[in-house]
Amino acid sequence: MAQARDDVRANSEPLDSLNVGRLLAGRYQLSHRVTIGPHTTLWQAVDEVLARPVAVRVLAATADDRTRDTFLAAAARAGWVSHPRAARVYDAGTENGHTYLVGEWVDGVSLDRILRDGPLPAEQAAFLAHQVAEGLAAAHARGVAHGRLHPGNVLVGGGLRVKVTDFAVAAALAGPVPSLAPTRAGRTPAAAADSVSAEMAAEMAADLRALGALLYASLTGRWPGGPAFGLPGAPVRDDGICTPRQIRAGVPNALDSLTGRLLDPARRTGAPAITTADAALAALTSLLAEPPREVIVAGRSRGRPHRALPRVGIAAVAVGAIASACWFAGYQVGQLPGSPARVPSLAASAKRPTPAPASVPLPLAAVTDFDPPPGDGHEQASFVGAAHDGDRSTAWMTDRYQASPDFGGLKPGVGLLVDLGRPVPVGRVTITLTAPGATIELRAGDLGEPPRTLEGLIVADRVQNAQSDLTLTPRGATTARFWLLWLTQLPSQPGGGYRDGIAELAFFRSG
């Protein structure tokens, strides 16, 4: 997981005896030391069993037994969180005195680096906050609070896709972020849920205030708790900090008000108090509308080759702030799909999104690889973005399987899970496969959270011996949020074995 930015000490002496090339726990080969902090060292590594990049965070050798126990307990809690907006934890343990955590490797730019070049347009700020709220809501539903949410552990990748890192672990090692601007009445929000402890409720409430602080910083380029994370502190007037609209013209009233409600739960606005991440997510969702048009986001890296980030849909705004701040070294914790995403713009009022015409592809809230048990949970996750980047020359591919086209008898299938963000009636799905001959199913489920198994995902259409370009048509009026493109038979490959891939996919509303 990404180390909190204010915890990192550049050019420090290593805090452990591990070296490049070391094989940790018999499977994680350390390839590059990324950051060194007072508590942990972050390594980029390769999981040699699953042949994928991972992030390995190793606790300082000087840590006492209590700290080791706390670290491992926090890693176990973080492992409960599984959501596209949260960097995943795969493994943790101790070997030869080295206590470690293994997590998802994410390529991205930390939000604090982006904001050092100035605030974001309001619609981008809201979109990023919405994604963070999605991650918080999923974690809180599992009884896990972040505890130390700030711009350094919010990573922004291609298409403005967000991954939140350090759930539970950063707070366990470094404690909460120093207090933000005090509430006017000094009151604390109500418990998030009766079923959680008072301590956990307080941590979840702190996550909501931190979400408000992230939104405030994104809108103003200032940190509401005083100078921190490379940002100047927010100006103060009378009995509190200035609102985003007082600092920067053009911030919509509704977004300004929502920021204040998150930051200061005790303020009296006439609106219902936001006491849960679900409520925060719903409030942000109500402000988002369909995306207008696309621009290009360019990226730079420090000490690495120039890399251009993919196109993202943004409301007629320049994104030079992001373009000039895309530094990839230092805060990379997994592999975030470098794919485009349609970025909603703020609605003039709290109206529901206008349905897209049937001839216009639906915006995709998220696309992830899907490999449920008996699979290992991941199928070429790093390349998912290539399946919806508008470029037929790039593709997400399955692994290569031997012996038989049914994945060598190892599993019933693999695929891509598409989250439309809300239940939508889908009339057709177009797909470009990298090779003909596969059997593919279109499955749908109107579920409350991303599915982990095939349960609840009904078969809406099925094609055997599919051509490279095909259209799947749901039977009847199928309305669902989650849609699965499920490959159950693979074509043979000239070099041996069986595999296929999806070069492009698009969903269209019925009607």
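The values are calculated or read from the model by the stated rules, or taken from the named source; none is laboratory data. Quick caveat: nothing in here was measured; it's all calculated off a predicted structure. Glycine gets a Cβ as well: all are built from the backbone with ideal geometry, and neighbour counts include every protein chain shown.
Just a few scattered comments:
- Exclusive hit being crowded, with 22+ Cβ neighbours inside 10 Å and out of contact with any strand residue (DSSP E or B) (no Cβ under 6 Å at 6 or more places or on another chain), set E123, E104, E95: E104
- Filter pass, G186 being modelled with pLDDT of 85 or more and at positive phi: no
- Among the residues of the stretch 461-480, those that are in contact with a Pro (Cβ under 7 Å, 6 or more places away or on another chain) and over 10 Å from V426 (Cα atoms) comprise D461, A466, Q467, S468.
- Tally, over the stretch 33-74, of residues that are among the hydrophobic types (A, V, I, L, M, F, W, C), crowded, with 16+ Cβ neighbours inside 10 Å and not in a helix (DSSP H, G or I): 13
- Selection of helices (runs of 4 or more DSSP H) fully inside the stretch 223-289 by the criterion of at least 2 residues being under 19 Å from H150 (Cβ atoms) returns 253-263, 277-285.
- One residue from G79, G143 being on the phi > 0 side of the Ramachandran plot and surrounded by fewer than 24 Cβ atoms within 10 Å (Cβ to Cβ): G143
- Taking the conditions (1) assigned by TED's automatic domain parsing to the domain that holds W43; (2) over 18 Å from R452 (Cβ atoms) in turn, W80 satisfies each one other than (2).
- All told, T488 meets the bar of being within 22 Å of D406 (Cβ to Cβ) and surrounded by 15 or more Cβ atoms within 10 Å (Cβ to Cβ).
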